[in-house]
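Peer 1: Questions regarding the structure given below will be posed in turn.
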Amino acid sequence: MKKSLVYILSSIMLIVTIDWALGSLFDSLYAKILLGQTGGKINYYLRQKDFSVVVMGNSRALYQINPDSLGSNCFNLSHAGMSQIFHTGLVHVLEQEKKMPRLILLHLEPEEFTFADHGTDIQNLKYYYGKDSLVTAYLRNVSPYERFKFLFHLYRYNGRAASILKNYWYSRRPLPPTNGFESLVATDRDSINTFYSAEKIEPIKTTALNEVQVEYLEEFIKTCSRSNTKLVCFTSPLFTEPRGLNQVTAKLTAILARHKVPYISADEIDVTKYPHRQWLWKDAHHLTNYGAAIESKLLADWFMLNHKIIE
């Protein structure tokens, strides 16, 4: 019995030691990566000079808004596939790190605000568990067991070890300056992909807004307000809009108006009015580098006409 107890205690101590040692190692590696969407892009931004304008959003901002069109002191901090909870967590990190810009241009996906929220996208900010209060709270809400999982230091890097090691290796050599923008280069198959994906677009199941999703957006607005950061929201156009989208957009517009947040709708930056519009699209949701150049210019034109917004 005594030997069994000693064995169990020794095993637990070994596991704790290994977990602490490897967790500390990955903490060190993570802090050094400067590229990739598993934290490197955030690290890169935090190490740069202060930017006046920052673009945030999902892939329809990452691949479509070239900061060069909005000025030399602009950075695209968008992350593909991420929803509003991630953006809200990230902007809270920026506030904590004292890296809030003068203006944030936030991409909104209206249909996303009708979905039931599971909050799993916040797991892409697991590094900040215990470091940022809002991210920590959001992570604990993912499941009743999350706070216990984080007792293991390595849990922060679950499923991300390979990408962190790869990005750390590439970050060791000098990297060219970047503004965070990534373009989708046009190919001969884009038209086929666009029409095929457009046929798969279904009507929105419900036009009622999910209260939790709206709370994430309102928390984002509060964070900007605390830092005196001007917030402007926008939505990129779609090749084909799903039925019901206008109703959802109208409700979202009303919420933003209540908070006095300007909103640039897809209609105001609509590239579908251009001739041969199918050549501007990678698929029904994303623009190619040619389409991105047009959308970026339309956004820049909007700011030129509404220059008082950022004064």
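The values are calculated or read from the model by the stated rules, or taken from the named source; none is laboratory data. It should be emphasised that the depicted structure is a prediction, and the values quoted were computed from it without experimental measurement. Cβ placement follows ideal geometry from the backbone for every residue including glycine, while neighbour counts extend to all protein chains displayed. Quick note on the areas: whole protein, heavy atoms, side chains included, nothing else; ligands and nucleic acids left out. Shrake-Rupley method; radii C 1.70, N 1.55, O 1.52, S 1.80 Å.
Peer 1: Taking only pairs six or more apart or across chains, which ones have beta-carbon atoms under 6 Å, a first residue in the stretch 94-114 that is under 11 Å from LYS230 (Cβ atoms), and a second residue that is in a helix (DSSP H, G or I) and open to solvent by 10 Å² or more (accessible area, probe 1.4 Å)?
Peer 2: Between residues of the stretch 94-114 that are under 11 Å from LYS230 (Cβ atoms) and residues that are in a helix (DSSP H, G or I) and open to solvent by 10 Å² or more (accessible area, probe 1.4 Å), the close pairs are LEU103/ILE310.
Peer 1: Still on this structure, I have one more. Scan the stretch 162-185 residue by residue and report those that are open to solvent by less than 80 Å² (accessible area, probe 1.4 Å), of a type in the set (A, V, I, L, M) and modelled with pLDDT of 90 or more.
Peer 2: Of everything in the stretch 162-185, just one residue is open to solvent by less than 80 Å² (accessible area, probe 1.4 Å), of a type in the set (A, V, I, L, M) and modelled with pLDDT of 90 or more, namely LEU184.
Peer 1: Sticking with this one: Kindly indicate which of LEU34, LEU29 is open to solvent by less than 90 Å² (accessible area, probe 1.4 Å) and within 18 Å of the chain's Cα centre (by Cα).
Peer 2: LEU34
Peer 1: In the set GLU215, GLU241, GLU268, GLU295, which member is in contact with a helix residue (DSSP H, G or I) (Cβ under 8 Å, 6 or more places away or on another chain), in a helix (DSSP H, G or I), closer than 25 Å to PHE86 by Cα and among the charged types (D, E, K, R)?
Peer 2: GLU295
Peer 1: Could you please give the count of residues in the stretch 224-237 that are over 13 Å from LEU256 (Cβ atoms) and surrounded by 21 or more Cβ atoms within 10 Å (Cβ to Cβ)?
Peer 2: Of the residues in that region, 2 qualify.
Peer 1: Output yes when any residue across the stretch 51-74 is assigned to a helix (DSSP H, G or I), within 26 Å of VAL212 (Cα to Cα), open to solvent by 10 Å² or more (accessible area, probe 1.4 Å) and without any contact (Cβ under 8 Å) to a residue 60 or more places away in the chain, and no when none is.
Peer 2: no
Peer 1: OK, next. Exactly one of (1) in contact (Cβ under 8 Å) with a residue 60 or more places away in the chain; (2) under 27 Å from VAL248 (Cβ atoms); (3) surrounded by fewer than 19 Cβ atoms within 10 Å (Cβ to Cβ) is unmet by HIS118. Its number?
Peer 2: For HIS118, the exception is condition (1).
Peer 1: Tell me the residue from VAL91, VAL135 that is in contact with a strand residue (DSSP E or B) (Cβ under 9 Å, 6 or more places away or on another chain) and either part of a loop (DSSP other than H, G, I, E, B) or modelled with pLDDT of 95 or more (or both), please. Show your work before the answer.
Peer 2: Working: VAL135 fails: in contact with a strand residue (DSSP E or B) (Cβ under 9 Å, 6 or more places away or on another chain).
Checking each option against the conditions leaves just VAL91.
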